[in-house]
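Shown next, in C-alpha cells, is the structure this report addresses.
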Amino acid sequence: GGVSATHLDWTMVPYVRKSFRKYFKDGLYYCHSFVSDGNELGDEKFFQLLAETHGVSQEEYDSIPIDHSFYSNSGHPKAYEYAMRMTEREIYQAVEGLYHNLNTLQSRSGNQLPFTSINYGTCTQPEGRMVTKALLEVSIEGLGSKHRTSIFPCGIFQCMKGVNREPGE
C-alpha cells in the first residue's frame, strides 16, 4: 500500500501565490511604509489597490502569477524582492518538512516506512517551477546534519516535449 501525489508542482501553485501575496503586502508595509488606515495592508484593501491601479477583477485576483507585471514592475522593487525571497524560503522549508515527515512516519505495521512517491516537473507556471526547484534541491541536499539520502518519497520527475525536455524549455 503506497501513496502517491501526482502533479505536486501544479497542485501547489495557488498556495504559493497566496504566500507570495502575503509577503508582498508585508514588503509594502515594511519596505515602503505602505499603510492602510494605520495598519498593515489587509486582503480587502490589497484587492482594492489592484482593482483601482490595474483593473483586476475578483476572478483574476487569485490567478495573478507572481511574475505578473503588477508585482515585478509595481514601483516597489524591494517589496517584490522581499516577497520572492520569503516565498522561496517558505517553499524550501515546506519541502524539507515533507521529506522529514515522510522519512519518520511509521506505518500501521510498526517499523516500516509507508511507500510514498511524488510526481513533478511539468508545471510551466513560475510558482510550480519554484516548487520543483525546492523538491530537487532538498532531495540532493539530503536529510539532517549528515545529509543522508532520503528513502522516501520516490521523486518522479516527468519529462514532456515542449516543457522541459530540451535546453531552454
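For this structure, a couple of remarks:
- Looking across region 1-22, the residues that are among the aromatic types (Phe, Trp, Tyr) and surrounded by fewer than 21 Cβ atoms within 10 Å (Cβ to Cβ) come down to Trp10, Tyr15.
- Of all residues in region 71-86 being of a type in the set (Gly, Ala, Ser) and touching a Gly at 6+ places or on another chain (Cβ under 9 Å), the one that is modelled with the highest pLDDT: Ala83
- Helices (runs of 4 or more DSSP H) (entirely within region 1-70) containing at least 2 residues that are modelled with pLDDT of 75 or more, under 24 Å from Asn119 (Cβ atoms) and of a type in the set (A, V, I, L, M, F, W, C): 8-32
- Cβ-Cβ distances below 6 Å connect no pair with a first residue in region 69-92 that is open to solvent by less than 60 Å² (accessible area, probe 1.4 Å), a second residue that is among the acidic types (Asp, Glu) and assigned to a helix (DSSP H, G or I), and a separation of six or more residues or different chains.
- Within region 122-139, the presence of a residue that is more than 15 Å from the chain's Cα centre (by Cα), assigned to a loop (DSSP other than H, G, I, E, B) and either of a type in the set (A, V, I, L, M, F, W, C) or surrounded by 13 or more Cβ atoms within 10 Å (Cβ to Cβ) (or both) is excluded.
- Every condition in (1) surrounded by fewer than 14 Cβ atoms within 10 Å (Cβ to Cβ); (2) modelled with pLDDT of 90 or more; (3) not basic (Lys, Arg) holds for Gly110 except the one numbered (2).
- Selection count where residues are open to solvent by 60 Å² or more (accessible area, probe 1.4 Å) and either within 14 Å of Arg17 (Cβ to Cβ) or more than 11 Å from the chain's Cα centre (by Cα) (or both), scope region 93-106: 6
- For region 148-158, a tally of residues being at pLDDT 90 or above and open to solvent by 80 Å² or more (accessible area, probe 1.4 Å) returns 1.
- Scan of region 148-169 for residues that are basic (Lys, Arg) and over 18 Å from Thr104 (Cβ atoms), ordered by number: Lys161, Arg165
The values are calculated or read from the model by the stated rules, or taken from the named source; none is laboratory data. Keep in mind the model is a prediction, meaning the values are calculated, not measured. Cβ: placed from backbone, ideal geometry, glycine included. Neighbour counts: every protein chain shown. These area figures cover heavy atoms from the full protein model, side chains too; ligands, DNA and RNA do not enter into them. Shrake-Rupley method; radii C 1.70, N 1.55, O 1.52, S 1.80 Å.
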